[in-house]
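Working notes, beginning with the structure itself.
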Amino acid sequence: MSATPAGLTWRRLWDDTAAQVGSRAEARWLCEEASGAFGGEFGDVLDEPATDRMLAHLDAMLGRYAVGEPLQYVLGHWAFRRLDLMVDRRVLIPRPETELVAEVALAAAADLLATAGPGTVLRAADLGTGSGALGLSLAFELARGRTEVWLTDVSADALDVARANAAGIGIAGGGVRFAEGSWWDALPPALRGQLDLVVCNPPYIAAGDPDVAASVEEWEPHGALYAGADGLDALRVLADGASAWLRPGGWLVMEIGAGQRDAVSGLLRDGGLADVEVRADLAGRDRIAIARRP
Ligand SMILES: C[S@@+](CC[C@H](N)C(=O)[O-])C[C@H]1O[C@@H](n2cnc3c(N)ncnc32)[C@H](O)[C@@H]1O
């Protein structure tokens, strides 16, 4: 991609960028990022010339985009529900289907809080938090002061990103705790049998799955994607430990791969959980597994 000449307006730069990247929508994301004018404000600067610094930023982003880096990493942040999360190659790019997982978890949390006594603090965990998308949505959207959310990951790099995002949500991040380690082992022993809600989007792709998009395989962290020969390695550990870590009546909400409904339902029942249900995403694929400790 060619260097951008100085003195151009954002209207022209948007056109030129769209021609280079093949999408007006993606070009707009890039131009908004470079101009620092987002949403409606971008419309206000369309006839203003870009500064040299803005052009350098746009060129640098176009260079990264041209070699196939996902737009979300190039921009350095991405929206998840009500949050604008910092994202880079240390973490999975938060997906729209995971927003539905958050919605189910939030509904479960709201039910639990509605029936709990005044002053009760809901204890939740987001295992394999990555950018913090799920756990920080709980912290941000549930009543302040009534939720404690543990964000865990086996990747120290991912936890650094989640910590930065917790700082970014300000006071709502106050009820957030972090722990590094593998699945249940990351949590402090005192939480055993005490958790009201566990939410998790684990890796669930089978090693060598030929359907994984090339850009996902090349750019996103493999530890966030792959889970053994059948894609169920992480889900087995999670289903197996849930009864020990949830309090009676506590909920487990997990994202699963399309095609894993029967296997995961069996794992959850074998793990001693009840009310096992799998819900579909907006495309009708079975993607959200829910179960409760009896
Ligand atoms: C599919 S990503 C989900 C990230 C984030 N929760 C989201 O929904 O965007 C899975 C996450 O699980 C983490 N992970 C992988 N193996 C793990 C393990 N053994 N224990 C804890 N976390 C693990 C990865 O580092 C990654 O951040």
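The values are calculated or read from the model by the stated rules, or taken from the named source; none is laboratory data. Note that the structure is predicted; figures quoted are calculated from it, not measured. As a convention, Cβ positions derive from the backbone with ideal geometry for all residues, glycine included, and neighbour counts pool all protein chains shown.
Does L138 qualify as being under 21 Å from V104 (Cα atoms) and crowded, with 24+ Cβ neighbours inside 10 Å? Walk me through how you get there before you give the answer.
Values: under 21 Å from V104 (Cα atoms): yes; crowded, with 24+ Cβ neighbours inside 10 Å: yes.
So L138 passes the test.
Residues that are in the same structural domain as D111 (by TED's automatic domain parsing), part of a helix (DSSP H, G or I) and aliphatic (A, V, I, L, M): does segment 138-148 have at least one?
Checked segment 138-148: at least one residue is in the same structural domain as D111 (by TED's automatic domain parsing), part of a helix (DSSP H, G or I) and aliphatic (A, V, I, L, M).
Give just the number: which of (1) crowded, with 16+ Cβ neighbours inside 10 Å; (2) within 30 Å of A280 (Cβ to Cβ) does D84 not satisfy?
(1)
Scanning segment 212-237 for residues that are part of a helix (DSSP H, G or I), more than 9 Å from the ligand (Cβ to nearest atom) and closer than 14 Å to C200 by Cβ, which turns out nearest to the chain's Cα centre (by Cα)? Give the derivation first.
Restricting attention to segment 212-237, the residues satisfying the condition of being part of a helix (DSSP H, G or I) are 214-219, 222-224, 233-237.
Remaining after also requiring more than 9 Å from the ligand (Cβ to nearest atom): 214-219, 222, 235-236.
With the extra rule that they be closer than 14 Å to C200 by Cβ, the set shrinks to 235-236.
On the way: L235: 17, R236: 21 Å.
Out of the qualifying residues, it is L235.
Which condition number does Q194 fail, the rest of (1) away from the ligand (no atom under 14 Å from the Cβ); (2) polar (S, T, N, Q); (3) within 20 Å of R236 (Cα to Cα) being met?
Checking Q194 against (1) away from the ligand (no atom under 14 Å from the Cβ); (2) polar (S, T, N, Q); (3) within 20 Å of R236 (Cα to Cα), the one that fails is (3).
Please work out if G271 is within 16 Å of the ligand (Cβ to nearest atom) and farther than 18 Å from A110 by Cα. Talk me through it step by step, then tell me what you get.
Details: within 16 Å of the ligand (Cβ to nearest atom): no; farther than 18 Å from A110 by Cα: yes.
Considered against the rule, which asks whether it is within 16 Å of the ligand (Cβ to nearest atom) and farther than 18 Å from A110 by Cα, G271 comes out as no.
Within segment 183-195, is there a residue that is in a loop (DSSP other than H, G, I, E, B) and under 18 Å from the mean Cα position of the chain (by Cα)? Give the derivation first.
Within segment 183-195, the subset in a loop (DSSP other than H, G, I, E, B) is 187-188, 192-194.
This time we only want the ones that are under 18 Å from the mean Cα position of the chain (by Cα), so: none.
No, the conditions are met nowhere in segment 183-195.
Counting just the residues of segment 98-135 that are near the ligand (Cβ under 10 Å from one of its atoms) and part of a helix (DSSP H, G or I), which one comes out nearest to the chain's Cα centre (by Cα)?
Restricting attention to segment 98-135, the residues satisfying the condition of being near the ligand (Cβ under 10 Å from one of its atoms) are 98-99, 101-102, 126-135.
In the following step, the residues that additionally are part of a helix (DSSP H, G or I) were identified as 98-99, 101-102, 133-135.
Working: T98: 7, E99: 8, V101: 10, A102: 9, A133: 4, L134: 6, G135: 9 Å.
Per the criteria, the residue is A133.
Since G208 meets every condition but one in (1) under 30 Å from P70 (Cβ atoms); (2) not in a loop (DSSP other than H, G, I, E, B), which condition does it not meet?
Just one mismatch for G208, condition (2).
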